[in-house]
Amino acid sequence: KQEVTQIPAALSVPEGENLVLNCSFTDSAIYNLQWFRQDPGKGLTSLLLIQSSQREQTSGRLNASLDKSSGRSTLYIAASQPGDSATYLCAVNDYKLSFGAGTTVTVRA
Amino acid sequence: DTAVSQTPKYLVTQMGNDKSIKCEQNLGHDTMYWYKQDSKKFLKIMFSYNNKELIINETVPNRFSPKSPDKAHLNLHINSLELGDSAVYFCASSHRDSSSYEQYFGPGTRLTVT
C-alpha cells in the first residue's frame, strides 16, 4: 500500500524567501507524481506533473524534482509572495492518486 | 467551458436521507474518479471507472454506490447518510491510455450531514 508523507506540515516565511516542500513515498512503482495547490474552501489546482522517467519539472517560479529510487520529491518555490499562501499537496499516481496530508504555507508580507 | 464539473456545490441534509452528487467531464477522458476529503483535509480515493467499468473500489461502506451512465459522467449516490459522511467529495478524470495519466479535478461538493 502506497504511503505518502509530507514534511513539514506547516511553514511560515517572510515574503521573498524561497520555499522547500518535501514529499516521500513508499512504493517507487509509480506512473507520475503531481503537486497540487489548495486554497481554503476551494478545489485542487494542479501545479506540476513529473513523469516517472523525469528528474524535474519547472513552471515559472516553481520547480519540482523527483528521485523515484529513493521515493522522494521536492517542490521549490522561488521568491515567495503572499499569494503563495495555501496548502500544497503531493500525490503519487500508481493508477490511482495517493495523497500526502499537505504542507500549509503562510507567506508574511 | 468547465473541464470537470460537479453538482451541487453544497449539500446540506439530515441523517438517514439519500442523496446524489453528479460529475461531468468534457475532456474526452475515459477514466473518472471519486475522492473524499475528510475534516482533517486528508484526500483519499473511493472509486474509479474506466469506460463505464468499475476498476477501483476502495474500502467504502456499501451505502455509497457510484454509477457511470457513460464515459463523461460519474455519479455518486449515498444511502442512509451518517454524520461521518460530512466531507468534501471531489470528482476527477484522466485518460488512461495517455502517457501522462494526469488527473483533472472538479471544484468539489461540500456535503454536510446534520
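Relative contact order for chain A: 37 percent, from Cα pairs under 8 Å spaced at least 6 residues apart, divided by residue count. Projecting the Cα atoms of B:ASN26, B:GLY106, B:GLY16 onto the charge dipole of chain B, computed from C-beta unit charges around the Cα centre, puts B:GLY16 farthest toward the positive end. In a Gaussian network model over chain A where Cα atoms closer than 10 Å are linked, find which of A:PRO82, A:PRO40, A:PRO14 has the largest mean-square fluctuation. Largest GNM mean-square fluctuation: A:PRO40.
Among B:ARG63, B:ARG96, what's the order by accessible area (1.4 angstrom probe), most exposed first?
Sorted by accessible area, descending: B:ARG96, B:ARG63.
Work out the mean other chain Cβ neighbour count within 10 Å for the residues of A:41-48 and drop it here as an integer. Don't jump to the answer; show the numbers that get you there.
Numbers: counts 3, 3, 9, 11, 1, 4, 0, 0.
Per residue, the average neighbour count from other chains is 4.
With contacts taken as Cα pairs under 8 Å and at least 6 residues apart, chain B reaches a relative contact order of 37 percent. In the protein assembly as shown, the inverse of the mean reciprocal separation of distinct Cα atoms equals 18.0 Å; this is its Kirkwood hydrodynamic radius. On a per residue basis, the convex hull of the C-alpha atoms belonging to the stretch B:1-83 measures out at 102 Å³.
Charge dipole (Cα centre; +1 on Lys/Arg Cβ, -1 on Asp/Glu Cβ; no other charges) of the protein assembly as shown amounts to roughly 300 debye. How far is the Cα center of the stretch B:1-54 from the Cα center of the stretch A:68-103, in Å? With the stretch B:1-54 and the stretch A:68-103 each reduced to a Cα centre, they are spaced 22 Å. Placing a label point 7 Å from the Cα of B:ASN79 along the Cα-to-Cβ direction, the residues of the stretch B:10-35 whose backbone N falls under 19 Å of that point are B:14-22. For chain A, dividing the convex hull volume of the Cα atoms by the residue count gives 89 Å³ per residue. Highest GNM mean-square fluctuation among A:SER59, A:SER28, A:SER98, for chain A modelled with Cα contacts below 10 Å: A:SER59.
Using C-alpha pairs below 8 Å separated by at least 6 residues, the relative contact order for the stretch B:54-96 is 26 percent.
Given the pairs A:LYS68/B:LYS71; A:LYS96/B:LYS52; A:LYS96/B:LYS67; B:LYS19/B:LYS41, which are separated by over 26 angstrom at their Cα positions?
Correct reply: A:LYS68/B:LYS71.
Site pair A:ASN22 and A:SER59 shows an inter-label distance of 2.5 nm when each label is modelled 7 Å from Cα along Cα→Cβ.
Computed from backbone phi with θ = phi - 60° and the Karplus coefficients 6.51, -1.76 and 1.60, the 3J(HN,Hα) list for the stretch A:27-37 is 10, 7, 7, 10, 7, 6, 9, 10, 10, 10, 10 Hz; x is used for glycine and proline.
The values are calculated or read from the model by the stated rules, or taken from the named source; none is laboratory data. The shown structure was predicted, so the numbers you read here are calculated from the model rather than taken from an experiment. All Cβ positions, even for glycine, are placed from backbone atoms using ideal geometry, and neighbour counts span all protein chains on display. The accessibility values were calculated without ligands, DNA or RNA, using every heavy atom of the protein model including side chains. Shrake-Rupley method; radii C 1.70, N 1.55, O 1.52, S 1.80 Å.
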